[in-house]
Amino acid sequence: MTLQELKYLVALADYGHFGRAAEACFITQSTLSTQIKKLEEFLGVTLFDRSLKRVSPTPVGQEILAVARNIVEDAERIRELARHVQNPMSRTLHLGVIPTLGPYYLPHALTLVHRKHPGLRLLLREEITPQILDHLVDGKLDAGLLALPVNDDSLRVEPLFYEPFFAALPAGHSLARRDVLKVSELMNEKLLLLDEGHCLRDQALDVCGTGNIGREEVRATSLETLRQMVDMGLGVTLLPALAVGTGPRASRKTVEIRPFRKPVPGRTIGLAWRKRAPFPETFERLATTFKATLPTEVEPV
């Protein structure tokens, strides 16, 4: 019994027709029929019921087929592993990205990664920080782009860049008369925040304190909603640098953006992956690529 015979077995089960299965395997129909018959003789059982319009596995054939699929899939994984050793940047990665970063950084980052590593395929999932961390641990994600710190000893974290915060003020606000603000000047303002679970909410509270949270607890689910709330005069907020120049054209005209005096508040963005993940070279090179050409709005770390 050979691996190739098991592949023929799986193909015939999938296509239910000797001719189509043979074509998919790039062999003649007679060759496929001979190989399946040979396998049945070796095992001493009939694997397929040929009396039906669609060739179907027999009950014992179904059980053998399930094992054969696992063997074929494991063999493919072995080939993938070998290919990754030769070129760790030729693979598929599931990458989690926090929502306050994804829309503003990914267009830049993906263009860069595709140019540097055309064989690397990134499947993106936008999630809040707790979900990304959970899915890194359970293996549903291979890596995550998120704000630091990350307190998990099972993960390796590579800092990528520092993203400053800016104050977003309603048009005509008294603080908008100043070119540069002190963080303390926001202490008495009504601070608009993202909903629970967004790391930017906690970062904004760290910067501005908890005393100026709106009593009605109006919370936004995205930076664009926060921007619109500021535009409506409901309060002030913090925006990460990469998000400052985006958003609807109307709100960009009516929301006043002001930088802070040094030390400028902000957040450090990093790439996280499991320490025990195979082929760490992939993640190390990906982090290096991210750091190679940073957007002008952020600072290297």
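Every read-out reported here was derived from the displayed coordinates using simple, explicitly stated rules and does not represent laboratory data. This structure is a prediction, so every number in the text was calculated from the model and none was measured. Note that we place each Cβ from the backbone using ideal geometry, even for glycine, and neighbour counts take in every protein chain shown.
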Over the stretch 3-86, what per residue volume does the convex hull of the Cα atoms give, in whole Å³?
93
Taking the simple approach of a point 7 Å from Cα along Cα-to-Cβ for both Val67 and Asp138, what is their distance in nm?
3.1
Checking the table Lys140/Lys182; Lys116/Lys275; Lys140/Lys291; Lys140/Lys190; Lys116/Lys140; Lys53/Lys140 against a 30 Å threshold on Cα-Cα, which pairs fail?
Lys140/Lys182; Lys140/Lys190; Lys53/Lys140
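Provide the FRET efficiency to the nearest 0.05 for the Phe279-Thr28 pair, computing r from the beta carbons and using R0 = 41 Å. Don't skip to the end; give the middle numbers.
Values: r = 39 Å, r/R0 = 0.95.
Using R0 = 41 Å, I get an efficiency of 0.55.
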Per DSSP H run of n ≥ 4, the term is -39500 (n - 2.57); total these for the chain, divide by its residue number, and report the mean residue ellipticity at 222 nm rounded to 500 deg cm²/dmol.
-13500 deg cm²/dmol
Any residue on another chain or 5+ positions along whose placed amide H is under 5 Å from the amide H of Gly235 is listed here as none
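So, with +1 on the Cβ of K and R and -1 on the Cβ of D and E, and no other charges, what is the size of the charge dipole of the chain about its Cα centre, to the nearest 20 debye?
Working: 38 positive and 36 negative charges, 168 e Å.
With only Lys, Arg, Asp and Glu charged at Cβ, the dipole is about 800 debye.
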Out of all DSSP beta bridges with both ends in the chain, state the antiparallel percent to the nearest 5.
65
Could you calculate the contour length gain from Lys38 to Glu224, that is, 0.36 nm times the residue separation minus the distance between their Cα atoms, to one decimal place in nm?
60.5 nm
Stretchable slack from Ala292 to Leu52, in nm (0.36 nm times residue separation minus alpha-carbon distance)
80.3 nm
Could you work out the relative contact order of the stretch 90-301? I mean the mean sequence separation of Cα pairs under 8 Å and 6+ apart, divided by the number of residues, in percent.
33
Farthest towards the positive end of the dipole of the stretch 90-301, among Leu205, Ala241, Ala143 and with Cβ unit charges of +1 on Lys and Arg and -1 on Asp and Glu, lies the Cα of Ala241
Once you keep just the Cα pairs under 8 angstrom separated by 6 or more residues, what percentage relative contact order results for the stretch 4-161?
17
From the phi of every residue in the stretch 108-114, what ³J(HN,Hα) in whole Hz does the Karplus formula 6.51 cos²θ - 1.76 cosθ + 1.60 yield, where θ is phi - 60° and glycine or proline is x?
5, 5, 5, 4, 5, 5, 4
Taking Cα Rg over 2.2 N^0.38 Å as the quantity of interest, determine which of (1) 0.94; (2) 1.44; (3) 1.14 was computed from the displayed structure.
(2)
Starting from the Cα of Arg20, step 7 Å along the direction of its Cβ; do the same at Ile78; then give the gap between the two resulting points in nm.
3.0
Suppose each label sits 7 Å from its Cα in the direction of the beta carbon; what would the Lys190-Asp206 distance come out to in nanometres?
2.7
